[in-house]
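The values are calculated or read from the model by the stated rules, or taken from the named source; none is laboratory data. Since we're looking at a predicted model, the values are computed, not measured. We place every Cβ from the backbone using ideal geometry, glycine too, and count neighbours over all the protein chains shown.
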Amino acid sequence: MTKKRLCRQHFIELFEKKVKKSIKKYKMLSRDDHIGLGYSGGKDSTILLHLLSKVFLQPHSKNQITAITVDEGIKGYREGFLKLTQETTSKYNLNHKIISFMDLYGATLDEIVYKSTQDGNSLSACALCGILRRRALNYGSQSVGVSKIATAHNLDDEAQSIVMNLLRGDAGKFKRISRIPSKKFPSFIPRIRPLVKISEPEIVLYAHANNLEYHSVPCPYAYTAMRNDIRLFLSDMEKKRPSTLVNIVNVHDSLSQSFTNSEVTSTTYQCKVCKELSTQEICPVCLLLEKLGLKLKNLSVS
């Protein structure tokens with residue numbers, strides 16, 4: 001953030017100023033937004049909950065925040081997080097919705113990973129979880145009527161996503177990464193990432209400076225992700241060559257200005273099975289569940 005030595009209060013002020021600058025630059029928030037905050041109980045989402053509550057929920061405003069926690073069903077891991085998320089949202093007086101894989105898919109992630117392994121599926125546990133978590137977060141957001149979904153992806157995460165799409169040769173996803181929320185379709189809920197210019201070390205410092213309680217137990221499946229390899233590589237590069245991460249994001253920002261609408265907007269379909277928007281006739285969630293012999297449940301949005 002800076003090479004200056006800062007006291008606790010000045011660090012907090014500079015950190016929050018940096019987040020507000022990103023929110024303003026990328027036009028993330030409006031005065032009447034109802035934000036669905038993806039809240040896991042980890043340090044990033046705990047900090048985002050704290051920040052949005054402090055910055056966004058002003059007296060007499062029409063703004064709302066609903067914390068949405070996805071329970072994947074990872075034995076010995078998610079239980080502690082769930083207890084903390086309930087305690088923290090109560091402390092901040094926020095609405096809190098928990099949506100579980102079991103409710104939606106009829107199986108926990110542990111069961112899905114086991115079944116996938118037995119069936120010879122090549123997807124890693126993290127890839128399986130990513131596909132299903134996104135749908136769960138969307139469903140939870142739709143059920144409470146939010147206008148935008150806020151996720152706690154930080155600078156490290158953003159740089160990793162950009163590099164991962166390059167290494168995979170996925171030009172479409174590389175071009176579609178956007179930090180500016182846009183409602184491309186009536187049923188589409190835009191996503192925002194207020195921590196996009198905040199690094200991992202800054203987040204840890206901010207959490208300690210504010211005495212924020214969060215869960216720090218790593219997911220037992222994290223080692224299976226390609227992202228983990230990219231994280232280690234970029235972390236090493238950042239130590240050797242500071243500003244590597246922010247340079248990656250800034251270059252993508254510059255390149256994105258030259259992308260045409262046709263390059264960043266993919267052809268969309270209404271999934272033949274679940275009726276959700278998809279880039280293919282049957283969405284990845286339904287294709288995956290079909291392979292595993294599972295079905296989506298509880299799809300009515302109340």
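A few notes on this one:
- Out of 197, 240, 291, 272, one residue alone is in contact (Cβ under 8 Å) with a residue 60 or more places away in the chain and more than 23 Å from the chain's Cα centre (by Cα). It is 291.
- Residue ID - farthest from residue 293 (Cα to Cα), chosen from residues in the range 74-93 that are free of Cβ contacts under 8 Å to residues at least 60 places away in the same chain and surrounded by 19 or more Cβ atoms within 10 Å (Cβ to Cβ): 89
- One residue stands out in the range 117-159 among those that are surrounded by fewer than 19 Cβ atoms within 10 Å (Cβ to Cβ) and hydroxyl-bearing (Ser, Thr, Tyr): the one that is nearest to residue 53 (Cα to Cα), namely 147.
- From the options 234, 245, 294, 287, residue that is in a loop (DSSP other than H, G, I, E, B) and modelled with pLDDT of 85 or more: 294
- Scanning the range 186-193 turns up one or more residues that are among the basic types (Lys, Arg), crowded, with 20+ Cβ neighbours inside 10 Å and either in contact with a Gly (Cβ under 6 Å, 6 or more places away or on another chain) or part of a loop (DSSP other than H, G, I, E, B) (or both).
- Residue match in the range 145-160 (condition: part of a helix (DSSP H, G or I) and among the hydrophobic types (A, V, I, L, M, F, W, C)): yes
- Of the criteria (1) farther than 22 Å from residue 290 by Cβ; (2) in a helix (DSSP H, G or I); (3) of a type in the set (Lys, Arg); (4) under 13 Å from the mean Cα position of the chain (by Cα), which one residue 135 fails: (1)
- For the range 214-230, the set of residues classified as part of a loop (DSSP other than H, G, I, E, B) and either farther than 19 Å from residue 122 by Cα or free of Cβ contacts under 8 Å to residues at least 24 places away in the same chain (or both) consists of 214, 215, 216, 217, 218, 219, listed by residue number.
- Filter result for residue 258 (in contact with a Pro (Cβ under 9 Å, 6 or more places away or on another chain) and hydroxyl-bearing (Ser, Thr, Tyr)): no
- Residues (in contact with a Cys (Cβ under 6 Å, 6 or more places away or on another chain), of a type in the set (A, V, I, L, M, F, W, C) and either at pLDDT 90 or above or not in a loop (DSSP other than H, G, I, E, B) (or both)) located in the range 272-281: 273
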